[in-house]
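The values are calculated or read from the model by the stated rules, or taken from the named source; none is laboratory data. All of these numbers come straight from a predicted model, not from anything done at the bench. No Cβ is skipped: glycine too gets one built from the backbone with ideal geometry, and neighbour counts run over all protein chains shown.
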Ligand SMILES: Cc1ncc(COP(=O)(O)O)c(C=O)c1O
């Protein structure tokens, strides 16, 4: 069986051992005579899966007891609305740092709910960098500061987080579980699962418990964080299969040596690619400025459109899939999430070097 070298931005690569295990268990999960997908979400077998996913995520990310872990649906995009609906009230201002079109979208949704303020932005410079922490200007009466820890499209990443007097909220969709972070610093973290956590369908929210008091009872039930917190995310039918896959991915992370070991490997993978770009005499150029480069999404351009097309076609023939950049940035993007192994990056670098040689 030939597997692709998968550099998709999301949904993206999953560990082979996880897929195999899911395949093995597909028809008869733990002698139940049925698939996880066919289990009642109220059964003890499913409950154990649900619990395991929450417990393992807490352990791997070192989530303190002050924070709750919730499983929702609707993707990170629904969080763009739920964050302000739950946490932005009359007389308060939602503060946003603009670093990519995802943060732009988050701001757009918040504007529909209440007052907002752009605390910093790199939009004018095509989001090539993360604004300096010292340049962040909070508004008065800030309800929170929203950042996007990793910018999937621009290929930039926060390598240091701001210490702010208000609640720090992060969209971590494309770098959750890729590096060690201090969860305590954050009032709320959210992430769609389909990059580092599993398949699409489940969204993880980590929320500091005292914030739950801010959610008004007049909110629709399914849009209120309290509903999920009070029911262990079992108020209605959760995305059971996606949560099962999440539990398998988390077990895999643990087997790899936890987040610390994963981070080390991610840094090595990224260094391999950025070195190749930097040593190409300007043939490949990174979109992101050096201090802001992402370890997850490596964005780069070639000298012209024609070469980019040729590069992408030949890469595909070599089994290197998903390398086209987002249309707003152009060029190429290699998404090297946790499940993309070092060997895949070596194959890509080898291809990039040969391609350059052949066309020069
Ligand atoms: C940083 C970031 N935020 C939000 C989203 C939107 O996520 P979803 O498709 O889960 O709504 C994405 C998707 O790629 C993303 O990369």
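When the residues of segment 115-134 are filtered to those that are within 19 Å of residue 186 (Cβ to Cβ) and away from the ligand (no atom under 15 Å from the Cβ), the one that is surrounded by the most Cβ atoms within 10 Å (Cβ to Cβ) is 119.
Taken over segment 318-332, the criterion of being over 15 Å from residue 304 (Cα atoms) and touching a strand residue (DSSP E or B) at 6+ places or on another chain (Cβ under 7 Å) is satisfied by 319, 320, 321, 322, 323, 326.
Let's see how each residue does on (1) away from the ligand (no atom under 16 Å from the Cβ); (2) part of a loop (DSSP other than H, G, I, E, B):
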site: 64; (1), (2): yes, yes
site: 71; (1), (2): no, no
site: 76; (1), (2): no, no
site: 95; (1), (2): yes, no
site: 113; (1), (2): yes, yes
site: 137; (1), (2): yes, yes
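Filtering 44, 20 for residues that are away from the ligand (no atom under 16 Å from the Cβ), without any contact (Cβ under 8 Å) to a residue 24 or more places away in the chain and within 25 Å of the chain's Cα centre (by Cα) leaves a single hit, 20. Does residue 226 fit the bill of being in the same structural domain as residue 69 (by TED's automatic domain parsing) and part of a helix (DSSP H, G or I)? So residue 226 passes the test. Please indicate, with yes or no, whether at least one residue in segment 1-8 is assigned to a helix (DSSP H, G or I) and more than 16 Å from the ligand (Cβ to nearest atom). No, segment 1-8 contains no residue that is assigned to a helix (DSSP H, G or I) and more than 16 Å from the ligand (Cβ to nearest atom). For segment 196-204, the criterion of being outside any loop (DSSP other than H, G, I, E, B) and either modelled with pLDDT of 95 or more or within 15 Å of the ligand (Cβ to nearest atom) (or both) is satisfied by at least one residue.
Residue pairs whose Cβ atoms lie under 6 Å apart, separated by 6 or more positions or on different chains, with the first residue in segment 5-17 and in contact (Cβ under 8 Å) with a residue 12 or more places away in the chain and not assigned by TED's automatic domain parsing to the domain that holds residue 152 and the second surrounded by fewer than 19 Cβ atoms within 10 Å (Cβ to Cβ) and assigned to a loop (DSSP other than H, G, I, E, B), are 5/319; 11/200.
Condition test on residue 106, is it in contact (Cβ under 8 Å) with a residue 40 or more places away in the chain, assigned by TED's automatic domain parsing to the domain that holds residue 226 and within 11 Å of the ligand (Cβ to nearest atom)? Considered against the rule, which asks whether it is in contact (Cβ under 8 Å) with a residue 40 or more places away in the chain, assigned by TED's automatic domain parsing to the domain that holds residue 226 and within 11 Å of the ligand (Cβ to nearest atom), residue 106 comes out as yes. Annotation note: Cβ proximity below 7 Å between a residue of segment 72-83 that is at pLDDT below 95 and a residue that is more than 10 Å from the ligand (Cβ to nearest atom) (sequence gap 6+ or interchain) occurs for no pair.
Filtered by the rule that a residue be without any contact (Cβ under 8 Å) to a residue 60 or more places away in the chain, within 11 Å of the ligand (Cβ to nearest atom) and either closer than 20 Å to residue 14 by Cα or assigned to a loop (DSSP other than H, G, I, E, B) (or both), segment 142-175 gives 149, 172.
Applying a threshold of 7 Å to beta carbon distances and a minimum spacing of six or more residues, or different chains, the list of pairs starting in segment 182-196 at a residue that is more than 22 Å from residue 95 (Cα to Cα) and ending at one that is away from the ligand (no atom under 12 Å from the Cβ) and part of a loop (DSSP other than H, G, I, E, B) reads 196/177; 196/178; 196/338. Close Cβ contacts (under 7 Å, 6 or more residues apart or on different chains) running from residues in segment 258-286 that are on the phi > 0 side of the Ramachandran plot to residues that are crowded, with 20+ Cβ neighbours inside 10 Å are absent. Note on segment 241-274: residues that are touching a helix residue (DSSP H, G or I) at 6+ places or on another chain (Cβ under 8 Å), over 18 Å from residue 17 (Cβ atoms) and surrounded by fewer than 16 Cβ atoms within 10 Å (Cβ to Cβ) amount to 1. Selection of segment 288-319 for residues being under 26 Å from residue 197 (Cα atoms), over 19 Å from the mean Cα position of the chain (by Cα) and surrounded by 22 or more Cβ atoms within 10 Å (Cβ to Cβ) yields only 300. Scan segment 51-65 for residues that are in contact with a helix residue (DSSP H, G or I) (Cβ under 6 Å, 6 or more places away or on another chain) and either outside the structural domain of residue 211 (by TED's automatic domain parsing) or surrounded by fewer than 21 Cβ atoms within 10 Å (Cβ to Cβ) (or both) and jot them down. Of everything in segment 51-65, those that are in contact with a helix residue (DSSP H, G or I) (Cβ under 6 Å, 6 or more places away or on another chain) and either outside the structural domain of residue 211 (by TED's automatic domain parsing) or surrounded by fewer than 21 Cβ atoms within 10 Å (Cβ to Cβ) (or both) turn out to be 52, 56, 60, 63, 64. Taking the numbered list (1) under 25 Å from residue 60 (Cα atoms); (2) part of a helix (DSSP H, G or I); (3) out of contact with any helix residue (DSSP H, G or I) (no Cβ under 7 Å at 6 or more places or on another chain) in turn, residue 313 passes all entries but (1). Among (1) part of a helix (DSSP H, G or I); (2) closer than 30 Å to residue 292 by Cα; (3) more than 16 Å from the ligand (Cβ to nearest atom), which single condition is residue 246 missing? With (1) part of a helix (DSSP H, G or I); (2) closer than 30 Å to residue 292 by Cα; (3) more than 16 Å from the ligand (Cβ to nearest atom) applied to residue 246, the lone miss is (3).
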